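Here's a structure for you.
Every read-out reported here was derived from the displayed coordinates using simple, explicitly stated rules and does not represent laboratory data. Just so it is clear, the structure is predicted and the values come from calculations on it, not from any experiment.
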Amino acid sequence: MKPGMTILTALAFVLPLTLPSSAQVRQLPTQTRTISGTIETIDQAKRAMNIKTADGEFVAVNVPQTVTRFDQLRVGNHIRATYNNNVMARLKPPGEADVDTVDSNYAKGTTSGTRVMVRTMTATITALDKNTSSISFEGVNGWKYSRRVVDPTVFDQVKVGDKVDITWSTDLSVLVE
């Protein structure tokens, strides 16, 4: 593959957490993360790859079907990837049905051809730790996530067992170097 810009879309479970009060939806600041590393594994059938960074960290990337040039990436390619995570969170009222949806038809930047997958998932708060300022969630299929809480007033608004709808979209641009 010639070095150049390949636009990929991926799901990333990165949640810069600040929960809303009541059932309000709150748009959180976009979190941008850039990684540089080598593609260590690619599973074409599952459309997944692992990127190893210079400090030895492995970053798993799941690539949706809407990405058309995924098959051109190879193990050993050195890449620089930038994730842009857009997150909304909403505390669910008791009794509201859980959700787990993926919308791969959402287009962003149609002139560039970038496709973004948007996912909404209901997660249950499994732990709150005021001392370390962290919160833990569990969602469908055993999905687990812990995150440092930015706003300490969140601890006054939620309790273990509460459900939260988390909606995120992540676009990933990859430069093969």
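If the reach is capped at under 17 angstrom between alpha carbons, list the aspartates and glutamates near K52, excluding any in the same chain fewer than eight residues apart.
E40, D43, E177
To make sure I understand the rule: partners must be aspartates and glutamates, Cα under 15 Å from the Cα of K130, and not fewer than 8 residues away in the same chain. Which ones qualify?
D151, D156
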